[in-house]
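What follows is a single structure, written as structure tokens, with notes after it.
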Amino acid sequence: MTVKTVSTTPFSDQKPGTSGLRKKTPVFMRPHYLENFVQSIFDAIGGARGKTFVLGGDGRYFNDRAAQVILRMAAANGASRVIVGQGAILSTPAASHLIRLRKTDGGIIMSASHNPGGPEEDFGVKFNTPNGGPAPESVTEAIFEATKTLSEYRIFEAQDVDLSVVGRTALGDMQIEVVDPVADYAALMESLFDFPAIRAMFSDGFTMRFDAMCAVTGPYASEILENRLGAAKGTVVNGTPLPDFGGMHPDPNPTWAKALMDEMFSAEAPDFGAASDGDGDRNMVVGRGIYVSPSDSLAVLAANAHLAPGYKAGLKGVARSMPTSAAADRVAEALGIEEFETPTGWKFFGNLLDAGRATICGEESFGTGSDHVREKDGLWAVLLWLNILAVRKESVREILEAHWQQFGRNYYSRHDFEAIETARADAMMEELRGKLAGLTGAAFNGHLKVAEADDFAYTDPVDGSVSRKQGVRILFQDGSRIVMRLSGTGTEGATLRLYLERYAPGPEGLDLDPQEALAPIIAAAHEIAGIERHTGRREPDVIT
Ligand code: G6P
Ligand code: ZN
């Protein structure tokens with residue numbers, strides 16, 4: 001085995017997005033493409049020499065090949081140890097946990113999250129720092145800078161490492177530890193939640209469906225829900241991870257998890273339904289005949305978290321991304337704890353969690369999590385819901401309706417317009433930004449008056465760093481709100497995300513259909529931004 005130094009030239013498109021570098025798989029498979037990016041990660045963090053890393057991914061196409069390349073490069077760059085999930089598999093939250101548990105120097109996660117996988121679909125690589133969280137912008141910027149000037153990378157010439165069996169092996173001087181991807185994570189969940197109470201609920205006949213969408217959470221959900229908590233066999237569906245996710249689009253929302261939605265709204269609906277995404281950090285929660293929006297889910301979890309053993313001391317604070325509805329703010333206010341509004345992207349929660357200022361965080365993009373790891377965590381959210389259901393002995397509907405009675409309801413929806421030509425999407429946002437100053441006081445649909453319009457900027461309360469241009473906000477006098485931003489995770493053209501919100505204090509008017517409740521705001525958004533004029537689209541591709 002010898003270290004080979006390979007000459008290379010930079011790729012100009014290796015700027016990490018909202019969550020690492022995501023590209024079409026054939027792009028990642030181009031000669032030197034993956035290698036350049038991995039070498040840039042090592043270079044940007046001051047080299048790999050003597051360091052310990054965690055490595056794993058969501059099992060999508062190219063996961064196994066990429067893992068071998070990364071291992072050979074880690075060895076050639078002098079890493080002392082890599083802890084790898086068996087079969088190169090680790091869900092994102094499980095990887096975050098391992099990075100922390102084993103006090104490593106960080107980890108490399110191979111995933112394009114909720115994007116489809118396969119030879120013609122998406123692949124991704126991201127670096128997580130020693131706190132277990134996605135690299136902050138300072139680090140991703142340094143990685144990007146390194147990609148621009150890279151002239152060589154180092155790689156071992158060696159046979160593939162056998163990752164199919166748990167145990168220890170080596171590559172040159174580098175130790176490799178292949179670990180069960182589920183065990184440590186399952187133990188962490190068991191330490192946070194009241195497993196006996198949940199087990200008793202299942203043995204009393206509580207029924208559930210968990211759709212793993214042929215992605216990484218299958219083995220985690222089967223072990224935890226069926227084996228440890230006694231849910232009926234077959235509770236977990238699509239539980240075998242496949243390289244192409246069985247052709248599914250593993251994004252747990254009402255559009256892509258349609259089979260689950262149909263079942264939950266049918267006469268045979270189980271008591272509780274949930275789904276998770278490609279790499280296991282997102283979740284969708286559905287009750288019998290009732291969909292729980294991610295923003296409401298965050299609020300309900302924050303209001304009830306103390307019912308779970310891991311959170312019985314109460315929460316230190318709650319954080320949400322700016323486009324997420326303000327439902328959680330009302331809970332924080334009632335609990336007398338701090339509430340934070342951050343830009344989109346889980347990495348912005350990292351400092352708040354590390355500083356002990358927030359315990360629970362959530363995003364409208366189907367992400368919820370806590371300070372137990374530094375990523376959002378799909379199964380964690382599902383288990384916290386189960387814990388709450390087991391203690392309160394009420395249905396999802398009863399819990400949601402009681403929540404709205406107490407706090408009022410933030411009607412909420414997100415409309416996505418996908419694969420828009422990038423230049424047209426940019427032009428639309430540009431024009432909108434130019435209009436903002438003049439919008440204050442303008443009225444739409446007769447009664448909707450703009451109180452304030454801006455482009456969201458965030459100053460991190462812990463390190464003082466400032467992030468600008470994080471999304472256009474149009475706030476109306478009645479508390480309604482429009483937010484618009486372009487997605488940072490797509491790989492094809494641009495995706496416009498239009499976030500819509502209206503607050504109803506109750507006690508009347510809490511049971512409208514969200515699309516109807518939001519109709520005047522939707523109309524105003526189209527009028528203000530000229531979405532159809534710019535994109536040729538009137539109807540969104542995805543509604544959440
Ligand atoms: C990833 C990040 C999330 C973020 C989401 C937004 O899932 O981990 O923290 O909310 O992307 O994606 P977008 O496509 O809206 O930029
Ligand atoms: Zn994900």
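Computed from the coordinates by the stated procedures, all read-outs in this text should not be read as laboratory data. Here the structure is a predicted model, which is why all the values come from computation and not from measurement. We place every Cβ from the backbone using ideal geometry, glycine too, and count neighbours over all the protein chains shown.
Principal semi-axes of the equivalent ellipsoid, √(5λ) from the alpha carbon gyration tensor of the chain, are 37, 29, 20 Å from largest down. In segment 2-180, Cα pairs under 8 Å separated by at least six residues give a relative contact order of 35 percent.
Mean separation of Cα pairs under 8 Å and 6 or more residues apart, divided by the residue count, gives the chain a relative contact order of 13 percent. The modelled label-to-label distance for the pair ALA259/GLU177, using points 7 Å beyond Cα in the direction of Cβ, is 3.7 nm. With the simple spin-label model, which puts each label point 7 Å out from Cα in the Cβ direction, the HIS526 to THR169 separation comes to 5.8 nm. Evaluated on segment 406-512, the Kirkwood hydrodynamic radius is 15.6 Å, with distances taken between all distinct Cα atoms.
When only C-alpha pairs under 8 Å and at least 6 residues apart count, what is the relative contact order of segment 409-543, in percent? For segment 409-543, the relative contact order is 36 percent. For segment 215-256, the average shadow cast by the Cα convex hull is 3.1 nm², which is a quarter of the hull's surface.
Compute the Rg to Rh ratio over segment 185-407 from the alpha carbon atoms, using the Kirkwood formula for Rh, and round to two decimal places.
We get a ratio of 0.94 for segment 185-407.
Name the residues of segment 493-518 whose amide N is less than 11 Å from a point 7 angstrom out from the Cα of GLU401 along the C-beta direction? From segment 493-518, the list is 511.
The Stokes-Einstein estimate for segment 2-180, based on a Kirkwood radius over Cα pairs and taken at 20 °C with 1.002 mPa s viscosity, is a diffusion coefficient of 136 µm²/s. Charging the Cβ of each Asp and Glu at -1 and of each Lys and Arg at +1, and nothing else, the dipole of segment 460-544 about its Cα centre rounds to 480 debye.
Apply the Kirkwood formula to segment 273-337: the hydrodynamic radius equals the inverse of the mean of 1/r over all pairs of different alpha-carbon atoms; give it in Å with one decimal.
13.0
Estimated from helical segments only, the mean residue ellipticity of the chain at 222 nm is -9500 deg cm²/dmol, where each DSSP H run of four or more residues counts as -39500 (n - 2.57). Relative to the present Cα-Cα distance, how much length would full extension add between ALA267 and LYS15 at 0.36 nm per residue of separation? My answer for the length gained is 85.9 nm. In this Cβ point-charge picture (+1 for Lys and Arg, -1 for Asp and Glu), the chain has a dipole of about 900 debye about its Cα centre. Projected label points at ARG468 and ALA355, each 7 Å from Cα along the beta carbon direction, are separated by 2.2 nanometres.
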